[in-house]
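Chemist: I have a structure here, written as C-alpha cells, and I will follow up with some questions on it.
The values are calculated or read from the model by the stated rules, or taken from the named source; none is laboratory data. All of these numbers come straight from a predicted model, not from anything done at the bench. Because the Cβ atoms are built from the backbone with ideal geometry, glycine has one as well, and the counts that use them run over all protein chains shown. SASA here: full protein model, heavy atoms, side chains in, ligands and nucleic acids out. Shrake-Rupley method; radii C 1.70, N 1.55, O 1.52, S 1.80 Å.
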Amino acid sequence: MDIDIRQAEPGDYETVGEITAQAYLQDGLLDFGESDEYLGALRDVAGRAAAAEVLVATEHGRLLGGVTFVPSGGPMADIAGPGEAEIRMLAVAHEARGRGVGEALVRACVDRARSVEGCVRIVLSTQRTMHTAHRIYERLGFVRTPERDWNPLPELDDITLLTYQLTL
C-alpha cells in the first residue's frame with residue numbers, strides 16, 4: 001500500500017470530517033449517537049485546522065483518514081502541558097482499516113513532535129474500547145499514564161478517557 005501523509009487542505013475538510021464522524025458513530029464511541037454534541041467538533045475540520053495541524057492519509061488521491069496534531073497547547077489541547085504535543089481525533093475510514101493507515105498517521109505525528117523545538121513528549125487520550133488504537137500506540141512505544149486519565153463529561157460517571165504518552 002502506498003499511503004501518503006500530508007497536511008489537510010480546505011478541499012479535504014468535509015470528507016475528513018465525515019470520515020471522522022462516521023468512524024466514531026459506527027464504532028459506538030459517541031454516547032448520544034447522532035445527537036452527541038461532540039459530533040459537531042469531529043466534523044469541524046476547518047476549526048481544528050485553524051487551531052492545530054490536521055493531517056490526512058491518502059492513497060492515489062483518495063482520503064483514507066485523518067488526525068489532529070496539536071504541537072504546543074492552545075485551544076485544541078485537552079491534556080498537553082508545557083513541552084508536550086498532543087494527538088487528537090485519529091480516524092480511519094472503515095474500508096481502509098487494517099492496512100496501516102492509522103499507524104502511518106500516528107507515526108507522522110510523532111515525527112512532527114520531534115521537530116517541535118522544546119517538545120519532549122507526545123500525549124493522547126483514548127476511549128477504553130479503542131483496542132486497535134491502543135495496539136498501535138503500544139507498538140510505537142507509547143505507555144499508559146493512568147494518573148492522567150480524565151473524564152471530559154464530569155456529570156457522567158462512566159466516561160473516563162485513558163491516556164498514553166511517548167517520551168521523545
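Chemist: Is it true that residue 90 is under 22 Å from residue 138 (Cβ atoms), within 13 Å of the chain's Cα centre (by Cα), at pLDDT 95 or above and surrounded by 20 or more Cβ atoms within 10 Å (Cβ to Cβ)?
Modeler: Judged against the criteria, residue 90 is a match.
Chemist: Give the residues of the range 134-160 that are modelled with pLDDT of 95 or more and under 25 Å from residue 93 (Cα atoms), sorted by residue number.
Modeler: 134, 135, 136, 137, 138, 139, 140, 141, 142
Chemist: Across the range 114-133, what is the number of residues that are open to solvent by less than 80 Å² (accessible area, probe 1.4 Å) and either closer than 14 Å to residue 71 by Cα or without any contact (Cβ under 8 Å) to a residue 24 or more places away in the chain (or both)?
Modeler: Total meeting the criteria: 8.
Chemist: Does residue 111 satisfy the condition of being within 26 Å of residue 167 (Cα to Cα) and open to solvent by 10 Å² or more (accessible area, probe 1.4 Å)?
Modeler: yes
Chemist: Another question, if that's okay. Any idea which of (1) on the phi < 0 side of the Ramachandran plot; (2) open to solvent by less than 70 Å² (accessible area, probe 1.4 Å) is the one residue 73 doesn't satisfy?
Modeler: The failed condition is (1).
Chemist: Same structure again: Quick one: in the range 15-51, which of the residues that are at pLDDT below 95 and outside any helix (DSSP H, G or I) is farthest from residue 106 (Cα to Cα)?
Modeler: 32
Chemist: Specify which of the listed residues (54, 106) is crowded, with 19+ Cβ neighbours inside 10 Å, β-branched (Val, Ile, Thr), assigned to a helix (DSSP H, G or I) and within 15 Å of the chain's Cα centre (by Cα).
Modeler: 106
Chemist: If you don't mind, another one. In the range 8-26, what residues are charged (D, E, K, R) and buried (at least 16 other Cβ atoms within 10 Å of the Cβ)?
Modeler: Residues satisfying the conditions are 12, 18.
Chemist: Could you run through the range 27-51 and say how many residues are of a type in the set (A, V, I, L, M, F, W, C), free of Cβ contacts under 8 Å to residues at least 12 places away in the same chain and either closer than 24 Å to residue 115 by Cα or open to solvent by less than 10 Å² (accessible area, probe 1.4 Å) (or both)?
Modeler: Residues flagged as of a type in the set (A, V, I, L, M, F, W, C), free of Cβ contacts under 8 Å to residues at least 12 places away in the same chain and either closer than 24 Å to residue 115 by Cα or open to solvent by less than 10 Å² (accessible area, probe 1.4 Å) (or both) within the range 27-51 amount to 1.
Chemist: While we're on this one: I'd like to know if the range 143-152 contains one or more residues that are in contact with a helix residue (DSSP H, G or I) (Cβ under 6 Å, 6 or more places away or on another chain) and open to solvent by 50 Å² or more (accessible area, probe 1.4 Å).
Modeler: No, the range 143-152 contains no residue that is in contact with a helix residue (DSSP H, G or I) (Cβ under 6 Å, 6 or more places away or on another chain) and open to solvent by 50 Å² or more (accessible area, probe 1.4 Å).
Chemist: Picking from 12, 2, which residue would you name as being charged (D, E, K, R), assigned to a helix (DSSP H, G or I) and either in contact with a strand residue (DSSP E or B) (Cβ under 9 Å, 6 or more places away or on another chain) or in contact (Cβ under 8 Å) with a residue 60 or more places away in the chain (or both)?
Modeler: 12
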